[in-house]
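Just so it is clear, none of the values below were taken in a lab; they were calculated from the coordinates. Small disclaimer: the values here were computed from a predicted structure and weren't measured. In this analysis, Cβ positions are derived from the backbone assuming ideal geometry, glycine residues included, and neighbour counts consider all displayed protein chains.
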Amino acid sequence: MVIRVVVWNENVHEQENEIVADLYPDGIHGAIANALNAADGVSAATATLQDPEHGLSAARLAETDVLLWWGHAAHGDVSDTVSERVVEAVWSGMGFIALHSAHFAKPFKALMGTACNLTWREAGERERIWLTSRNHPIAHGLPDQFALENEEMYGEPFGVPEPQETVFISWFQGGEVFRSGLTYRRGAGNVFYFRPGHETYPTYHDPNVQRVLQNAVRWAHNPARRVPDVTDTPNVPVDAALEPIEERGPRLHRDGEAGFR
Ligand code: ZN
């Protein structure tokens, strides 16, 4: 079975900043897709903010097993319609991997339901990433810790709900720490947040980072059939109840009427 992946990127810094363009001539999305396509059983394509419907039509999401999301400068330009579509795809079983500054991406914030804020500093400092369990599938094949020589600092407190699992913890040269790899389940969908990936550093060329992303795609993939009509709220009339019941008391809704939203 091939895992069908879409790497989504706002693709703004690459077009506006020379450093980022030099680091990622195929865009951050291109670099990540190349790394994922090097893994067995993974087929990764890309989509960007500039594509019609941001490259995320309902038809395309229906055929996407795992969506990765990199956004930063243009969170506000993502249409609410597309964001809601992504969230519903996750509820129905699509995997979702939020990368770095995607902590403020519309679909990630909606999935978390909290502020998703953090402290930060752009000083090119060393980040040391520790794994919390050698047995976690997202940590497969990784050393107990690895370093990124230049990264942006993200520090606690990180305004996300308590995760299902904390797979990575980061230490920064300036003294801060951060929960860098977090797993969630939202509906039928597996969600993973992975912290590193500031645009002015070569983070996505790092073999350990690439390994994490390959592992995370496999972890996030839910092979079960998508949950159909995941937001439906069907009314069950009295005469369709499993056991015979008698209607009692007043009511607001008529038979067959759609409920309020
Ligand atoms: Zn950044």
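How far, in degrees from 0 to 90, does helix 27-37 lean away from the longest principal axis of the Cα atoms of the chain, to the nearest 10? With both axes taken from Cα atoms, the answer is about 80 degrees.
Principal axis analysis of the Cα atoms in the chain yields extents of 70, 37, 36 Å, listed in decreasing size. Cβ crowding within 10 Å ranks Thr114, Thr132, Thr46 as Thr114, Thr132, Thr46, fewest other Cβ atoms first. Along the Cα-to-C-beta direction of Gln145, a point sits 7 Å from the Cα; which residues of the range 87-128 have their amide N less than 14 Å from that point? Of the residues in the range 87-128, 126-128 have backbone N under 14 Å from the label point off Gln145. Using a ≥ b ≥ c from the Cα gyration tensor of the range 100-220 (square roots of the eigenvalues), is it rounded, prolate or oblate, where a/c under 1.5 gives rounded and otherwise the larger of a/b and b/c decides, a/b for prolate? Oblate shape, in that a/c is at least 1.5 and b/c is the bigger or equal ratio. Using a Gaussian network model of the chain in which every pair of alpha carbons under 10 angstrom is joined by a spring, one finds that among Glu246, Glu162, Glu152 the greatest mean-square fluctuation is at Glu246. Between the listed residues Thr200, Phe178, Leu148, the Cα displaced farthest toward the positive end of the dipole of the range 145-204, a dipole computed from Cβ unit charges relative to the Cα centre, is found at Phe178. In plain terms, the residue of His75, His205 with the fewest other Cβ atoms within 10 Å comes first and the most crowded comes last, giving His205, His75. Computed FRET efficiency, Cβ-Cβ of Arg126 and Phe104, R0 30 Å: what is it to the nearest 0.05? Efficiency at R0 = 30 Å is approximately 0.80. Inverting the pair-averaged 1/r between distinct Cα atoms of the range 113-170 gives 12.8 Å as its Kirkwood hydrodynamic radius. Charges were assigned to the Cβ only: +1 to each Lys and Arg, -1 to each Asp and Glu. The resulting dipole of the range 58-141 about its Cα centre is roughly 300 debye. Relative to the longest principal Cα axis of the chain, at what angle does helix 207-220 sit, 0 to 90 degrees, rounded to 10? Taking the Cα atoms of the chain, the angle to 207-220 is about 10 degrees.
Most simply put, the chain has about 55% antiparallel DSSP beta bridges, counting only bridges with both residues inside it. Taken about its Cα centre, the chain carries a charge dipole of about 680 debye when Lys and Arg each add +1 at the Cβ and Asp and Glu each add -1 at the Cβ. Residues in the range 242-261 near a label at Glu84, defined as backbone nitrogen under 20 Å from the 7 Å Cα→Cβ point? Taking a point 7 Å out along Cα→Cβ of Glu84, the residues of the range 242-261 whose backbone N falls under 20 Å are 258-261.
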